[in-house]
Structure formats: structure tokens, C-alpha cells
Amino acid sequence: WARKDPASTNERCTSHNLWSDCPKTCDSCDFTPVPSSAPTILCEDKKVAWEIRGRSKPWCNWARKDPASTNERCTSHNLWSDCPKTCDSCDFTPVPSSAPTILCEDKKVAWEIRGRSK
């Protein structure tokens, strides 16, 4: 309703005090970060040594030491999931995060203003 007639939006936001209910429409978003469970993409190699075929070493470092052999090393030692950055195998599956997200959305349900449902 407030954005139906763009020329009247500001007047409607003011006269009906819609600033907090329709921040996007009324251009009143405060852009205060709030904690969120929004997904974050993680793509990091293991940084510690682990054992493969009886040998323990930081395999991601070994795989990237010789860039010309990285792909072959990732394949021969199956390092794809332990060294996704080095092996260029990040799956980009969203992982929950506590990173802040900016929220600026209008209410999507009707409510009463001065006795009339909008």
C-alpha cells in the first residue's frame, strides 16, 4: 500500500508512521548488523599433519609444493576433501555461520492502521 503510488510513499510513511514496519519501502533501514545463521562458504585446507599409507605429514602443503604436480598428488592421495583449496575442490556447500547479516525487509502481512487493514 505505501509503495503503490511512488509519489505518495514518503507522505504515507510519515502520516502512518511506517518507518519501522516498512523500512525498505520508506528508506529507513538502519543497517545495524544482527547475528544470523546465514550460510558462509568454507574452503580451507587441513593445516595439521595426518597419516596416509603409513606416512604422517601436512599433506596439503606437500600437494601444493609443486604446482605442476598438485592435481596428480590430489588424485593419487585422495586429498580432495582434506585439501579443497589446494586441490580446487571446494564444494561451496553452505555452512551455518554467526556472521552478521543486514536485515531490511518490509512486513509481508496486512495489519491495521487507524482501523483499516492495509
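One table, with the values for the structure above:
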{"quantity": "Local electrostatic count, Trp50, Cβ distance below 13 Å [Lys/Arg +1, Asp/Glu -1]", "calculated": "+2"}
{"quantity": "Cβ-defined net charge surrounding Asp5, 11 Å radius [Lys, Arg +1; Asp, Glu -1]", "calculated": "+2"}
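Throughout, read-outs are computed from the coordinates displayed, never taken from laboratory work. These numbers come from a predicted model, not from an experiment. In this analysis, Cβ positions are derived from the backbone assuming ideal geometry, glycine residues included, and neighbour counts consider all displayed protein chains.
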